[in-house]
1. Taking the Cα centre of each part, how many Å lie between the range 11-37 and the range 195-249?
2. With springs connecting C-alpha atoms under 10 Å apart, model the chain as a Gaussian network and identify which of 135, 177, 231 has the largest mean-square fluctuation.
3. Given 16/150; 29/87; 62/146; 16/146, which pairs have Cα atoms separated by over 26 Å?
4. Quickly work out the residue 146-to-residue 70 label distance, labels modelled 7 Å from Cα along the C-beta direction, and quote it in nm with one decimal.
5. Give or take rounding to whole Å, what are the principal axis extents of the alpha carbon atoms in the chain, in descending order?
6. With a 10 Å cut-off between alpha carbons and a GNM built on the chain, which of 30, 163, 72 moves the most?
7. How many percent of DSSP beta bridges within the range 25-109 run antiparallel, rounded to 5?
8. Out of 39, 114, 99, any idea which swings most in a Gaussian network model of the chain, alpha carbons joined below 10 Å?
Amino acid sequence: MTNHYAVLGSPISHSKSPLIHTTIFEHLKLNADYTSHDVVDLSEFLDSNAELSGLSITMPLKDQAFAIASELDYWAQLTESVNTLKKTESGWAGYNTDVFGLRQAASQVNFQSVAILGTGATARSALAAFQGSNLMVWGRDQDSAKELSKRFDASNQELMVALSADLVVSTIPGVALSDLISTSSNHPGALISADYGTDAHQAGESFEAFVSGLEMLIWQAIGQQRIFSGLGLNAPLPDEEILIEAVRRAIDMAK
């Protein structure tokens, strides 16, 4: 029997999740497929697609997924954001692997201060991921930024202060990030952008180091596969290091 999985969001045509997950299924020789669907109403989609075993959830559906899940893991509860749904006998279990993905993406960066740009669901995951650091948050919506700063024990900072952090995590669209950052400015820290498009790469040129959002995407997908397989988020997949290199090669070949 083939198990069916999918990524849902809007827009979705740019997503590399089908490539990543299909590569993983093929590498592990699993009888499974993975598709993408442009969805704005999660509940309506689930009602008409009962055959799906698990889902990757992207914007703007993470809050909807949180509301639909009948079970939640620790990170989903803390962030009130779900990017992974796994079917259970009683409904859907909700997980947040964005926290895991962000931590893994930043694993080679030395930092004490971390600034989060943005105030949405992914920003909440970033704030959760780097708790214990000197946390800052910046957002155009000052009310939301202030609320998040209180909730995650972070300081609400002006943009230029945030950009001086050891690690800057952008959760805003790449084009907006590029508009905010002058390419003539040099920022001393590292940038991780959840957006893995060209605009984010251009913004990264202004920083001492840049980590592509693809690293976060790959690692949060690895977390999802651990969950889909029943291993749990903290248990690695078989030959995981080799598997991750296979995923990176597949992405490079698709460019």
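1. Using only Cα atoms, the two centres lie 14 Å from each other.
2. Its mean-square fluctuation being the largest, the pick is 231.
3. 16/150; 16/146
4. 4.1
5. Projected onto its principal axes, the Cα set of the chain covers 55, 38, 31 Å.
6. Greatest mean-square fluctuation among the candidates belongs to 30.
7. Of the beta bridges lying entirely in the range 25-109, close to 80 percent run antiparallel.
8. Between 39, 114, 99, it is 39 that shows the largest mean-square fluctuation.
Read-outs throughout are calculated quantities, based only on the coordinates presented, and are distinct from any laboratory measurement. Worth saying up front: this structure is predicted, and the values here are computed from it rather than measured. Cβ coordinates were reconstructed from backbone atoms using ideal geometry, including for glycine residues, and neighbour counts include every protein chain displayed.
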